[in-house]
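Just so it is clear, none of the values below were taken in a lab; they were calculated from the coordinates. Not measured: the values here are computed from a predicted model. Neighbour counts are summed over all protein chains in view; Cβ atoms, including those assigned to glycine, are modelled from backbone coordinates with ideal geometry.
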Amino acid sequence: MKLRYLASVVVLALTTVAASAQSAQGNVSLYLNPIAIRASNTPADSGPYAFLGQNATSNVFYGYNLGGSYDFYHSGSLAAGADIRLSDLHANNAMLRNFLFGPRVSVQPFKRPIKPYAEFTFGRGTTKAPDATVKITKLDYAIYGGVDYSLSRHVDWRVFEVGYGTLVTVSTATVGAGGPFPTNPATLIHFSAGLVFRF
């Protein structure tokens, strides 16, 4: 239920921004793309709240990435604005969900329609272990970089997007069950690609 509410808020916010930016063609972008995140942490957790799985130090989570961006500054080939995104991923019955926003910069340095971009985002991340119902929510951040290629006036192909972030995940130690298990933030490496729709 909370995910539906959060997704509704994201869509409403992006729709409001799109409506207010009708005179600025191409400034608003929306995307819904597949995403994979490799999460890793040490030492391995062998307790009942092992987020990565029993005695595992890494796992790959798969899901979707829903979001949008608004460029409110343009100067030549440079554009700057903000990005907001919601990701929902799962692996081995564990869950990783985050809601992030932050500044975004893109540039179109060549005559070809190639647009590299970079973002720094922060927000909240929620995790749940495979064999437990306990969820924890902590501060989350990620740095992204990628390349978009214009297919038409309103559609870009997101050739690739990679990101790096950290998040304190649920573990036997963070839940308070003790043991020499991870309390330090997990490293999250993000991979995504797909389509971006511009308005």
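Things to note:
- Within straight-line reach of Lys111, meaning a Cα separation under 19 Å, sit the following aspartates and glutamates at least 8 residues removed in sequence or on another chain: Asp148, Asp156.
- For region 113-192: relative contact order, % (alpha-carbon pairs under 8 angstrom, 6 or more apart): 26
- Once the Cα-Cα distance is subtracted from the 0.36 nm per residue extended length, the Phe72 to Phe160 segment shows a gain of 29.3 nm.
- Working from label points 7 Å from Cα in the Cα-to-Cβ sense, the Leu195 to Val105 distance is 3.1 nm.
- With a cut-off of 11 Å between beta carbons, the residues surrounding Ala142 carry a summed charge of -3, where Lys and Arg count +1 and Asp and Glu -1.
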